[in-house]
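The values are calculated or read from the model by the stated rules, or taken from the named source; none is laboratory data. Being a predicted model, the structure only gives us computed values, none of them experimental.
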Amino acid sequence: MQVLDKYRSFDRPVQLLLLNQLTINLGFYMLIPYLADHLSQGLGLSVLMVGLILGVRNFSQQGMFLVGGSLADRFGYKPMIVAGCALRTGGLALIGLVDNVPALVVASAATGFAGRGTRAVRRRSRCSASRRVLPSDRAARPAVGVPGGRSPGSRAGSPRGPRRAAVR
């Protein structure tokens, strides 16, 4: 309840940004086991190809803070968050629709780029919103309940996804 009380103490813009981050991480980490299952069982790809496709997603995420931050500075936070969510959704939909490896690699890279490119934007927008609505002693802590840098969504989604995939 302490985390919920802290969450409620924030103004609406910060609450919305934190809720956005929670739902993005929860959904994404629950999706990964289904994605691996779809690639291996649904499309019949080898474990090597599944690892390659998921590895491309991870690789495309590395180093995109500069790109995402630069685009946010140029176009603003809100358009970049929306564009990133749309790109990630489109990439994941493409993964579900195509069955050839080159298209799967491109779609996987798009989801990785969208995830990393907009992560910096979401973090910056949370900090910016917290500075506008919170006293200075609380503005340095906009991400409630995130010990060690992992969000509650990633903590909750990681174990739930494999359990749901096993239930099928």
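Brief remarks follow.
- No other residue among Ile81, Ile53, Ile32 is more than 24 Å from Asn100 (Cα to Cα) and not hydroxyl-bearing (Ser, Thr, Tyr) apart from Ile81.
- Scanning region 1-60 for residues that are more than 22 Å from Val106 (Cα to Cα) and β-branched (Val, Ile, Thr) yields a total of 3.
Condition check ((1) at positive phi; (2) at pLDDT below 85; (3) not aliphatic (A, V, I, L, M)) across all residues:
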| position | (1), (2), (3) |
| --- | --- |
| Pro33 | no, no, yes |
| Asp37 | no, no, yes |
| Gly42 | no, no, yes |
| Leu45 | no, no, no |
| Val50 | no, no, no |
| Gly55 | no, no, yes |
| Gln61 | no, yes, yes |
| Phe65 | no, yes, yes |
| Ser70 | no, yes, yes |
